[in-house]
Structures are given as structure tokens and as C-alpha cells.
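The values are calculated or read from the model by the stated rules, or taken from the named source; none is laboratory data. Just so it is clear, the model here is predicted, and its values are computed rather than measured. Neighbour counts run over all protein chains shown; Cβ positions are idealised from the backbone, glycine included.
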Amino acid sequence: MTVKKVDAIIQARMGASRLPGKVLLDINGQTLLEHVIDKLKKSRYIDRIIVATTTDILDDELVKYCEQKNMLCYRGDVNNVLDRFIKAGEQFQCDKIIRVCADNPFIDTRLIDEQLKVFVDDESLEYCTYATADDMPVMLKPLGVFVEAVTMKALRRVAAQADDPKYFEHVTMFIYQHPEFFKIKLMPLDSEINSNYRFTVDYPEDIAFCAAVMKATNDYSFESLIKLMENNGGLREKNLSFSRAHEKKY
């Protein structure tokens, strides 16, 4: 049986204000971006992997890196991330995509494939992601192990309907804030999981934490990460205290 596939678009740039150049920083022998790409390559449902970056001169280095790695790459608007996704999708003739953040080295391929099976099997779905027990999309939490599945058609509708700059910066926010306009599927996480755990990279401390996790385990699945936090009090407290001090805001 032929598996229906989607394309992955990774939003990445060198000009991150809190940690400039983070996507090419080394974590245990690989760049942050490489960690993300390696996870995506293991998916049964992902066809092409596309890096969507900006026309800013700072991203020349990232584009050169993609060329050296034979990665598909698109350069678009510096500030309008939504437009960057739409134009990248149009350039490569995408239909359904997953939105991936380049600062999440622990995205879980198994969870992605469970999510994409739901997404591709139901042709009516326009957006699919995981959610906390209170139906909050996990992209609003600091977890950093998830992706969002969305149709290009839905993104174009957002561009046509949205009139607040925040919707151009946060690509899918308009969709999950207006479920009455879209066919959405929120897949529930185990209610016992602390959704304040932080496995994303925004600060130098995050780099050090991710490196420590990689040294502590060879299994980067979400389930294993949670078990590691539960069994290692030092890592757990360091993680949660930093997460509380750097709350994710929109």
C-alpha cells in the first residue's frame, strides 16, 4: 500500500535575538539543524525537507550550509513568517506540509508519524497537532518535540483573512484561535505529562541542557525524555526552573 506523504518545511534563521546563529551551533558533534533533519528523515510520511529562511544577509551562511548539504532551501520575507511558508510551499509545489521549528532537536518521529497518519487519512483535515489535557496546542508550551500539520490551502486562507501582525509572525495561530473556520484535529497527550518541560533551544543554557540530555541517553523519544526527567532530579529541577523563568509568550 502506497503511503501518502507530506513535505516538511523547517523555519530557520541565523538572526535569533536571544541566541544568534543557534541553528548552526554544535550540540554533541552535530549542528542543531542537523539534529532536526535527522529526525525528519526517519519519518514514513515525509517526502521532501525544505529549509525556509530569510533574505537577510545573516542567512547567507545558512543558505551556503544548505547548499553544501544538498538541502532544498527557500529565502523569503524577514518578518512575515506566514508569507515565507506560503511562498516556500508554492515554489516547491507543496500541498500538505508539516511546520517544523529548527530549534527543536528532540522532535519525536514516532509521534510525528502517528499525527501524519491521522492527517493524511482524513482528506478533510486542514490542521493537526497534539494538545495538552485542556486542549491547548502544544506549540504554546515549551516542550519542543512536536510539529504542526497543515494544508497550504489553509495557510493561504489565513493570509487572506488575518489582519493582526501576530498572525504573520506565528504561522498557525489564526487557525487554532479560529477553529470555526477550519477543520482541526487536536490529538491528546497523556494528562499526567508535565507540559512545562522544556526541550527547545532559545538560550545558551538550552544548548548546555540538550547536550547533557544527549550524554545521559541514546533514546530521544518523548517517552524516554519524560522518564529521564522523572528519574533524574537534578536535570528535572534545572529544566523546570529554567522553563518557569523563561515562560513562552505570544
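Structural remarks
- Across segment 43-56, the qualifying residues are those that are touching a strand residue (DSSP E or B) at 6+ places or on another chain (Cβ under 7 Å) and either closer than 14 Å to Thr109 by Cα or not hydroxyl-bearing (Ser, Thr, Tyr) (or both), and the one among them that is surrounded by the fewest Cβ atoms within 10 Å (Cβ to Cβ) is Asp47.
- Whichever residue in segment 72-100 is more than 19 Å from Asp60 (Cα to Cα) and in a strand (DSSP E or B) and, among such residues, is nearest to the chain's Cα centre (by Cα): Val100
- Close pairs (8 angstrom Cβ cut-off, 6 or more residues apart or separate chains): farther than 16 Å from Arg84 by Cα in segment 55-68, in a helix (DSSP H, G or I) and among the acidic types (Asp, Glu) anywhere: none
- Which listed residue is of a type in the set (D, E, K, R) and crowded, with 22+ Cβ neighbours inside 10 Å, from Asp59, Asp113: Asp59
- Long-range neighbours under 8 Å by Cβ, at least six apart or interchain, first residue among the basic types (Lys, Arg) within segment 166-195, second assigned to a helix (DSSP H, G or I): Lys166/Met173; Lys185/Val118; Lys185/Phe119
- Residue check for Ala133: aliphatic (A, V, I, L, M), over 30 Å from Asp163 (Cβ atoms) and outside any helix (DSSP H, G or I): yes
- Pair list, Cβ < 7 Å and 6+ apart or interchain, from segment 227-242 residues that are farther than 9 Å from Tyr197 by Cα and modelled with pLDDT of 95 or more to residues that are β-branched (Val, Ile, Thr) and surrounded by fewer than 16 Cβ atoms within 10 Å (Cβ to Cβ): Leu228/Thr217
- Residue match in segment 164-177 (condition: in a loop (DSSP other than H, G, I, E, B), modelled with pLDDT of 95 or more and buried (at least 20 other Cβ atoms within 10 Å of the Cβ)): yes
- Residue that is surrounded by the fewest Cβ atoms within 10 Å (Cβ to Cβ) [pool: residues in segment 62-81 that are touching a helix residue (DSSP H, G or I) at 6+ places or on another chain (Cβ under 7 Å) and of a type in the set (D, E, K, R)]: Asp77
- Residue tally, condition surrounded by fewer than 14 Cβ atoms within 10 Å (Cβ to Cβ) and either of a type outside the set (A, V, I, L, M) or within 19 Å of Ile86 (Cα to Cα) (or both), over segment 117-155: 7
- Residue within segment 108-119 that is under 20 Å from Ser224 (Cβ atoms) and outside any helix (DSSP H, G or I) present: yes
- Inside segment 1-42, residues that are in a loop (DSSP other than H, G, I, E, B) and surrounded by fewer than 21 Cβ atoms within 10 Å (Cβ to Cβ) make up a count of 17.
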